[in-house]
Amino acid sequence: MTTFRFNFNVSSDDQETPDGDKTNEEPAELHGKEAVEVACDDVPNVNTQSIEELTFGNGVQNIRYINVRHVEKFLISNKECASNGLITAIENNTDLIPSVYEGGLKIWECSIDLVEFMQEQSITFDNKNVMELGCGAGLPGIFALSNGANNVDFQDYNEEVLRYVTVQNVQLNCTTKVFNQNLKNKCHFYAGDWTNLPNILQDGGNSRYDVILTSETIYSEESQEKLYKLIKRLLKENGVAYVAAKTIYFGVGGGTRAFEALINEDNYFLCEVCKRVTRGVNREILRLHRLK
């Protein structure tokens, strides 16, 4: 079996310290990055030469997206548009810097798996409220938006990812003038840590969404616990969540088996494997819905 390892940096500050060095005061960074809403207007025009396209279901569904290398070059040339941490990640070709950059500039294969699965199963989103967590390029959310969703909200850790990648991709796939005019009503974009996301959602986001989509977000035990708590809070009673991920993320402790164990221990959701992908690194899509 092939295993997967992130190309990521962990600073010495993130390493475990001896018990004698611990204090009773909880570090502020444990509360995570503040959540903010990102406006979907006032984004730079997309260079048409940087646009690519993915085709699903023998041409049934096409999703256009901006080439992330173009975005990286833009941010390197305009460093005032990005945080120092994100610039460092780009310059070092780093997939992940915990609590700094969460990999949103890369199109991860599990997001493609999730779109393929939804297209194969002819899943529709008529009149549904949808949230994509850890969206990055936003491909699954865009699929939902193109297949009848009432509204789709997108969340990513980094504001720059939303502004220069996610919003651009959503706009690229809004093919009608009317749809573009209604974009502000149909989509919202949120940056920051999952722990703080409910702080900026109406009614704290409680039971807000019919469908939650997420991919490549359970790579570590910490991310799994945060994600699971958020799904429990945001998902409607009869809602469903789809989690696409690798079966194991070597070296960081995450994967579908570990997440499945967390869910089963809590006994709140029924967790089912609805698709397995064995080409390359083993991957799965999990479906969660509340136990009756």
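The values are calculated or read from the model by the stated rules, or taken from the named source; none is laboratory data. Only a predicted model underlies this, so the values are computations on that prediction, with no experimental measurement involved. Neighbour counts are summed over all protein chains in view; Cβ atoms, including those assigned to glycine, are modelled from backbone coordinates with ideal geometry. The protein model used for the area step is the full one, side chains on, heavy atoms only, and it has no ligands, DNA or RNA in it. Shrake-Rupley method; radii C 1.70, N 1.55, O 1.52, S 1.80 Å.
Checking the structure you have, find out if any residue of region 146-167 is touching a residue at least 40 places away in the same chain (Cβ under 8 Å), within 18 Å of R283 (Cβ to Cβ) and small (G, A, S).
No, region 146-167 contains no residue that is touching a residue at least 40 places away in the same chain (Cβ under 8 Å), within 18 Å of R283 (Cβ to Cβ) and small (G, A, S).
Could you tell me which of the residues L139, L145 is surrounded by 23 or more Cβ atoms within 10 Å (Cβ to Cβ), of a type outside the set (G, A, S), in contact with a Ser or Thr (Cβ under 9 Å, 6 or more places away or on another chain) and at negative phi?
L139
When you scan region 249-267, do you find a residue that is within 14 Å of L133 (Cα to Cα) and either in a helix (DSSP H, G or I) or in contact (Cβ under 8 Å) with a residue 40 or more places away in the chain (or both), even just one?
No: region 249-267 contains no residue that is within 14 Å of L133 (Cα to Cα) and either in a helix (DSSP H, G or I) or in contact (Cβ under 8 Å) with a residue 40 or more places away in the chain (or both).
Take Y219 and decide whether it is of a type in the set (F, W, Y) and surrounded by 22 or more Cβ atoms within 10 Å (Cβ to Cβ).
The answer is yes for Y219.
Does L227 qualify as being open to solvent by less than 30 Å² (accessible area, probe 1.4 Å), over 18 Å from V240 (Cα atoms) and either modelled with pLDDT under 90 or among the aliphatic types (A, V, I, L, M) (or both)?
no
When G205 is evaluated against the numbered criteria (1) at pLDDT below 90; (2) over 15 Å from V130 (Cα atoms); (3) open to solvent by less than 10 Å² (accessible area, probe 1.4 Å), which criterion, by number, is the only one it fails?
With respect to (1) at pLDDT below 90; (2) over 15 Å from V130 (Cα atoms); (3) open to solvent by less than 10 Å² (accessible area, probe 1.4 Å), G205 is out only on (2).
Hey, can you tell me all the residues within region 77-106 that are more than 28 Å from S220 (Cβ to Cβ) and free of Cβ contacts under 8 Å to residues at least 24 places away in the same chain?
S77, N78, K79, E80, listed by residue number.
Of everything in region 231-244 that's in contact with a helix residue (DSSP H, G or I) (Cβ under 7 Å, 6 or more places away or on another chain) and open to solvent by 10 Å² or more (accessible area, probe 1.4 Å), which residue is farthest from Q119 (Cα to Cα)?
R233
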